[in-house]
1. Tell me, in nm to one decimal, what length is gained between residue 151 and residue 240 on full extension, where the rule is 0.36 nm per residue of separation less the Cα-Cα distance?
2. How much of the DSSP bridge set in the chain is antiparallel, in percent, rounded to the nearest 5?
3. Under 10 Å, Cα contacts only: if you run a Gaussian network model on the chain, which one of 73, 175, 135 comes out with the highest mean-square fluctuation?
4. Once you have the Kirkwood Rh of the chain from its Cα pairs, apply Stokes-Einstein at 4 °C and 1.567 mPa s and quote D in µm²/s.
5. All other residues with a Cβ under 12 Å from the Cβ of residue 184 taken together, and with Lys, Arg as +1 and Asp, Glu as -1, what is their net charge?
6. Evaluate the Kirkwood expression for the hydrodynamic radius of region 101-187, namely the inverse of the mean inverse distance over all pairs of different C-alpha atoms, and round to one decimal in Å.
7. Using alpha carbon centroids, what distance separates region 42-105 and region 242-275, in Å?
8. Given the options 210, 60, 112, state which has the largest fluctuation in a GNM of the chain using a 10 Å cut-off (strictly under) for Cα springs.
Amino acid sequence: MNQTFDYIVVGAGSAGSVIASRLSESPDIRVCLLEAGGPDKSILIHMPAAVVAMVPTRINNWAFKTVPQPGLNGRRGYQPRGKTLGGSSSINAMLYVRGHRWDYDHWASLGNPGWSYDEVLPYFKQAEHNETHRNAYHGQGGPLNVAEIQQPSAMNRMFLEAARECGLPLTPDYNGAEQHGAFMYQVTQKNGERCSAAKAYLTPNLARPNLSVVTGALTQRLLFEGRRAVGVQVRVDGRELRFDARREVIVSAGAFGSPQLLQLSGLGPAAHLQS
């Protein structure tokens, strides 16, 4: 395999799957996507109920633990993180929750242009195919399928009725104009199966000749020429390999993996790196 590409994407999770798919839409761009976990072929990934088997175990899961937390009387917190194509979107509970308008507008007000709710909404709509809601807040035709729970239990209906009796409004579309209230979750599922970021964006496009996806590939550090990242050192099947990037190295290894990789590459607070 030729190990020189235009773009190297580290981490095939919710971000990396999208980035590699979108970049490789151009046939003139060669993209390499590196994932430390394996492929996403397991029935445990695609069967929604199997989330109960993956989240508490190390199946497709890094299963991180925090350092002892003073606020938890010294206990260590549990932090499941996906370790497969699709990342945490392949092991999570599939709830489709965008969050509140105020948060995005607040981020923009802090000096982050492009992050206001009105600016990010078009991207949510472009990504989405919502089976139920057709309004100004939702999209149809996007790769990420959003559905209603197919078989809600009697307990669901009882909960909603209890919420209504307590004075809470019923909000069928909490990803729309109003978030406050009680509701059934919208889920990233299609035909009763999980619709992860990988299933939405990546696996339908694995046949692209300009897209190379390498699983079982643990990126160890970024490689630099001066202050420019030009490649990565990766461990695959017990071998240390070098992958070179003509244009960019994109680090999308998650909230834990990305800062870890940067620190392993010598990027970060000097005192922390020295320790």
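Just so you know, all these numbers are worked out from the coordinates, no wet-lab data involved. Predicted model, so just to flag it, every value in this text is computed and none were measured. All Cβ positions, even for glycine, are placed from backbone atoms using ideal geometry, and neighbour counts span all protein chains on display.
1. Taking 0.36 nm per residue and subtracting the Cα distance, the gain is 27.3 nm.
2. 55 percent
3. Taking springs between Cα atoms under 10 Å, the residue moving most is 73.
4. 62 µm²/s
5. Local charge sum for residue 184: -1.
6. Kirkwood radius, region 101-187: 14.6 Å.
7. 22 Å
8. Result: 112 has the largest fluctuation of those listed.
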